[in-house]
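The structure appears below as structure tokens.
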Amino acid sequence: MHLPIRSTLALLLLLISAGCQGSSAEPQTLSREQLYRLHCSGCHGDGSGNGHIAGTLAARPRNLKHNQWQDSVTDEHIFRVIHEGGEAVKLNKAMPAFEEKLTKEEIRRLVGYIRFLGR
Ligand code: HEC
């Protein structure tokens with residue numbers, strides 16, 4: 001059996017591009033739910049703050065679904081918390097900054113997802 005060189009190359013390219021998925025170089029490949037699950041749910045869980053490592057953090061993530069909190073913050077605040085981290089808005093630094101992991105576009109989509117959680 002022999003594999004034509006062209007299919008071998010195609011396979012190689014497929015493997016390389018698969019390896020690149022999830023990097024911020026390809027922001028459109030993940031939905032906002034997937035972004036949330038990948039980067040946020042470990043601490044925030046389903047939004048209520050029940051992520052599997054939530055108990056180990058210096059501060060407890062609040063319930064992001066709570067209407068009172070949703071009404072008290074602007075989209076800009078939520079963007080900034082994700083982009084610059086908790087410390088930038090006088091919250092606990094246990095909430096990490098994502099400016100190096102996510103594009104602004106991805107963060108904007110996550111803001112939309114946080115709003116969706118509150119509905
Ligand atoms: C390592 C754990 C951890 C990860 C990962 C994490 N967070 Fe947080 N987050 C926290 C903690 C802890 C707080 C609470 C900080 C406080 O109340 O002082 C918080 C707070 C927040 C808040 C509330 C800010 C407020 O006004 O109370 C938002 C919104 C938020 N995170 C969004 C996100 C999003 C979106 C992601 C994923 C991109 C994410 N977080 C990833 C730990 C985390």
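The values are calculated or read from the model by the stated rules, or taken from the named source; none is laboratory data. If you're wondering where the values come from, they're calculated on a predicted model, not measured in any experiment. Quick reminder, even Gly has a Cβ in these numbers, built from the backbone with ideal geometry, and neighbours come from all protein chains shown. Side chains are part of the model used for accessible areas, which takes the heavy atoms of the whole protein and leaves out ligands, DNA and RNA. Shrake-Rupley method; radii C 1.70, N 1.55, O 1.52, S 1.80 Å.
Annotations
- Whether the stretch 30-117 is rounded, prolate or oblate, judged on the alpha carbon gyration tensor where a/c under 1.5 counts as rounded: rounded
- The GluC sites (Glu not before Pro) of the stretch 41-119 meeting both criteria, a DSSP state outside H, G, I, E and B (loop) and at most 16 other C-beta atoms within 10 angstrom of the site's C-beta, are E99, E100.
- Proximity of backbone amide H atoms, modeled 1.01 Å from N, is registered between G45 and N50, G51, H52 at under 5 Å, excluding neighbours fewer than 5 places apart on the same chain.
- Accessible area expressed per residue, the stretch 30-117, with surrounding protein chains retained (probe 1.4 Å, Å²): 60
- In order through the stretch 95-102: 3J(HN,Hα) via Karplus (6.51 cos²θ - 1.76 cosθ + 1.60), integer Hz, x for Gly, Pro: 8, x, 7, 10, 4, 9, 9, 10
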